[in-house]
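Since the structure comes first, as structure tokens, the remarks are kept for the end.
The values are calculated or read from the model by the stated rules, or taken from the named source; none is laboratory data. Keep in mind that this is a model prediction, so the values were computed, not measured. Neighbour counts run over all protein chains shown; Cβ positions are idealised from the backbone, glycine included. In case anyone asks, the SASA skips ligands and DNA or RNA and just uses the protein heavy atoms, side chains included. Shrake-Rupley method; radii C 1.70, N 1.55, O 1.52, S 1.80 Å.
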Amino acid sequence: DKTYLIREASELAWVAAQVNGTTRAAANTFEGYTVKLVKDIHLNGERWDPIGSTGIFKGTFDGNDHKIEGLFVYAEGKASAGLFATNRGLIKNLTVVNSEVYGHYKTAVIVADGLCSRVEDCTVDNCVVVSTPYNKDDANNVGAITGYLSAEPTAYVKGCSVKNTQVTAYRKVGGVVGAA
């Protein structure tokens, strides 16, 4: 039924590798497919390579009301930092807790660069998001849910919440979305 069921951290890392083209196959966008969590995922604070750091996720990511805990992202240079670096699909029903995301541009817990992105019914709780200047005018487009949300008519963030979370940046910063 075009659904990938994710039960553990290694399977979630496989999704990232597929989208980023770091496997033997060409990059997979998951367009027309659903990636669905079937249990809570603990990433244990190990450095995470964001989904879409070199490719673009275009499918549906359904958290299925589960949590991802212990996400740790540190992006080098102008790379986007978040669970998803670049997303053009739908992310829904996901909670990310007890996590840290550090970047220099387009930084968020769930979606850093939301070009035509749709995010609904997601929660960020007890997280830290910090973007520091890499060059003179960086450290912008930073939020807890989405760092940058494009002005495309299909892009939106709805039904999302942020709790107990610190978001720090130079400019274009918001609790939910940094810049739209």
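Excluding ligands, DNA and RNA, the accessible surface per residue across the chain is 45 Å² with a 1.4 Å probe. Relative to the longest principal axis of the Cα atoms of the chain, the long axis of helix 9-20 lies at roughly 80 degrees. Only helices enter the 222 nm calculation for the chain: every DSSP H run of n ≥ 4 contributes -39,500 (n - 2.57), and dividing by all residues gives -2000 deg cm²/dmol, rounded to 500. Other residues with beta-carbon under 15 Å from the beta-carbon of Phe30 carry, at +1 per Lys or Arg and -1 per Asp or Glu, a net charge of +2. Counted residue by residue at 0.36 nm each, then reduced by the alpha carbon distance between them, the extension gain from Tyr134 to Lys78 reaches 19.4 nm. Surface composition of the chain: carbon plus sulfur atoms contribute 45% of the solvent-accessible area (1.4 Å probe, protein chains only, all chains present).
Our coupling estimate for region 44-61, obtained by passing each phi through the Karplus curve with A = 6.51, B = -1.76, C = 1.60 and θ = phi - 60°, is 6, x, 6, 4, 9, 8, x, 5, x, 5, 10, x, 10, 7, 10, x, 10, 10 Hz, Gly and Pro reported as x. Once the chain is represented by equal point scatterers at the alpha-carbon sites, with solvent omitted, what log10 I(q)/I(0) does the Debye formula produce at q = 0.12, 0.15, 0.19 Å⁻¹? Each listed q corresponds, in turn, to -0.45, -0.73, -1.22. Charged side chains reduced to their Cβ positions (Lys and Arg at +1, Asp and Glu at -1) give region 57-113 a dipole of some 240 debye around its Cα centre. Distance between the C-alpha centres of region 46-60 and region 83-159: 12 Å, rounded to the whole angstrom.
Projecting the Cα atoms of Val96, Thr29, Leu83 onto the charge dipole of the chain, computed from C-beta unit charges around the Cα centre, puts Thr29 farthest toward the positive end.
In this structure, the residue pairs whose Cα-Cα separation is over 30 Å, taken from Lys2/Lys163; Lys36/Lys106; Lys36/Lys136; Lys39/Lys172; Lys2/Lys67, are Lys2/Lys163; Lys36/Lys136; Lys39/Lys172. Listed by chain and number, the aspartates and glutamates whose C-alpha is less than 16 Å from the C-alpha of Lys158, apart from same-chain residues fewer than 8 away, are Asp62, Asp65, Glu120, Asp121.
Near Tyr4: Cβ cut-off under 12 Å, other residues only, Lys/Arg at +1 and Asp/Glu at -1. The net charge is 0.
Dipole check for region 97-180: with +1 at the C-beta of Lys and Arg, -1 at the C-beta of Asp and Glu, and the Cα centre as origin, the magnitude is about 180 Debye. The residues neighbouring Glu76, those whose beta-carbon lies less than 14 Å from its own, together hold a net charge of +1 under the Lys/Arg +1, Asp/Glu -1 convention. Evaluated with a Cβ-only charge set (Lys, Arg +1; Asp, Glu -1), region 1-68 carries a dipole of roughly 100 debye about its Cα centre, given to the nearest 20. Take the alpha carbon gyration tensor of region 47-93, find the square roots of its eigenvalues, order them as a ≥ b ≥ c, and report rounded if a/c is under 1.5; if not, report prolate when a/b exceeds b/c, else oblate. It is oblate, given that a/c is not under 1.5 and a/b is not larger than b/c.
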